[in-house]
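The values are calculated or read from the model by the stated rules, or taken from the named source; none is laboratory data. From a predicted model like this one, the values you see are computed outputs, not experimental measurements. For neighbour counting, all protein chains shown are included, and Cβ atoms are generated from backbone atoms with ideal geometry for every residue, glycine included. Ligands, DNA and RNA are stripped out before the accessible areas are found, and what is left, the full protein with its side chains, is counted by its heavy atoms. Shrake-Rupley method; radii C 1.70, N 1.55, O 1.52, S 1.80 Å.
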Amino acid sequence: MMPDVTLSTLQELNQKGEKIVMLTAYDATFASVAAKAGVEVLLVGDSLGMVVQGHDSTLPVSVADMAYHTACVKRGNRGAFIVTDLPFMAYATLEQALVNSAAVMQAGAHMVKLEGGAFLAEIVRRLADNGVPTCIHMGLTPQSVNVLGGYKVQGRNEAQARQLRSDAIALEQAGAAMLLLECVPSELAAEITDAVKIPVIGIGAGNATDGQVLVLHDMLGLSLTGRMPKFVKNFMVGQTSIDGAISAYVAAVKDSSFPAAEHGFSA
Ligand code: KIV
């Protein structure tokens, strides 16, 4: 069954300048609560490796895990658009990208998310040709934490910023349907958002992106480690229910009161 929110809906919201609300979901109940609260995009993120499975990174997550959680989210979904991460090393080759995208799309995803840059252009093109829209996650890409040397803000120097800008344009030209920018300076995120027509969703990327995403557990104030990234706001504060917290998040993204300046990064 087609969801109420489709890729066309997201493109229309973007053209109208209405912010797109994305939130992670990993199971049926939270998918239902979030969709009913007005979240337009449910992200079955490989962050489930950390917040659900208790690993210290997203690297141990498998395609089978992603397909399982996507199927759970699909069962609870009430009309939202479902984006599922392809996990670590699941798109190292074109053939893996095609086979593993098929697995999560058949489990219920409407789009797949891959982490990287312009080097993904050929995969993006072939997935689009085969009916799979893509969201490319750029900036801080957690699957590359061992290359990046930690969970650090990206794009702070001019060479990195230039690379991110040109990658975004190359990926749009290759047929990517959406970009997600994580932990990049707010000004750079604004420039990239201006430079492309496809929706750009931000997390730790300031207020100028076309939409926002948070990890469900973070915005409910739940943490295994006791640490919370600077870009997170605890939406349970002032609320008496989880539904209320998610509705408050939706309202704050829609009226641009979240993220505030304090949630962003400078160059
Ligand atoms: O896996 C995930 O939940 C994500 C978000 C942090 C954007 O990619």
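General observations
- Backbone amide hydrogens, once placed in the peptide plane, bring Ile20 within less than 5 Å of Gly211, Gln212, excluding anything fewer than 5 places away on its chain.
- Note on Lys230: lysines with a C-alpha under 16 Å away, same-chain residues under 8 apart excluded, are Lys152.
- Solvent-accessible surface of segment 172-236, taken per residue with a 1.4 Å probe and all protein chains present: 38 Å².
- For Asp46, residues with placed amide H under 5 Å, excluding near neighbours: Asp85
- With the highest mean first, a sort of the peptides 218-226, 48-56 on other beta-carbon atoms found within 10 angstrom per residue produces 48-56, 218-226.
- Ranked by how many other beta carbons lie within 10 Å on average, peptides 255-264, 116-125 from highest: 116-125, 255-264
- Counting every pair of alpha carbons in the chain, the share spaced more than 29 Å apart comes to 22 percent.
- Phi-based couplings in Hz for segment 199-210 (Karplus 6.51, -1.76, 1.60; Gly and Pro marked x): x, 10, 9, x, 9, x, 10, x, 9, 8, 6, 6
- Segment Asn157-Thr9, extension gain: residue separation times 0.36 nm, minus the distance between their alpha carbons: 49.7 nm
- Residues whose amide H comes within less than 5 Å of that of Ala90, counting only those at least five positions distant or on another chain, are absent (H built at 1.01 Å from N in the peptide plane).
- Over segment 85-158, the pair-distance histogram of Cα-Cα distances with 10 Å bins from zero comes to 19, 51, 24, 7, 0 percent, rounded to whole numbers.
- P(r) tail fraction, segment 18-140 - alpha-carbon pairs more than 21 Å apart, %: 34 percent
- Each principal axis of the Cα cloud of segment 95-214 was taken in turn, and the coordinate range along them, longest first, works out to 38, 32, 26 Å.
- Note on segment 224-267: the C-alpha convex hull projects to 4.1 nm² when averaged across all orientations.
- Using the alpha-carbon positions of segment 33-85, Rg (one decimal) and Dmax (whole number) come out as 11.4, 32 Å.
- Extended-chain gain in nm, criterion 0.36 nm per residue less alpha-carbon gap, Met89 and Asp255: 56.0 nm
- In this simple spin-label approximation, Gln173 and Val237 carry label points 7 Å from Cα along the Cα→Cβ vector, and these lie 4.4 nm apart.
- Estimated FRET transfer efficiency (Glu262, Val99; beta-carbon r; R0 51 Å; 0.05): 0.75
- For Gly139, net neighbour charge (Lys/Arg +1, Asp/Glu -1) across residues whose Cβ lies under 11 Å away: -1
- Segment Asp129-Val147, length gained on full extension (0.36 nm per residue, minus Cα span): 3.4 nm
- At most 14 other Cβ within 10 Å, DSSP loop - trypsin sites (Lys or Arg not before Pro), segment 181-267: Lys197, Arg227, Lys230
- ³J(HN,Hα) computed for each position of segment 214-226 - Karplus, 6.51 cos²θ - 1.76 cosθ + 1.60, integer Hz, glycine/proline x: 9, 7, 3, 4, 4, 6, 8, x, 9, 9, 6, 9, x
- Residues in segment 85-113 that a label on Ser62 would reach, taking backbone N under 19 Å of a point 7 Å out along Cα→Cβ: 85-93, 96-108
- ³J(HN,Hα), Karplus 6.51/-1.76/1.60, whole Hz, each residue of segment 232-243, x for Gly, Pro: 8, 10, 7, 7, 6, 4, x, 10, 10, 8, 5, 4
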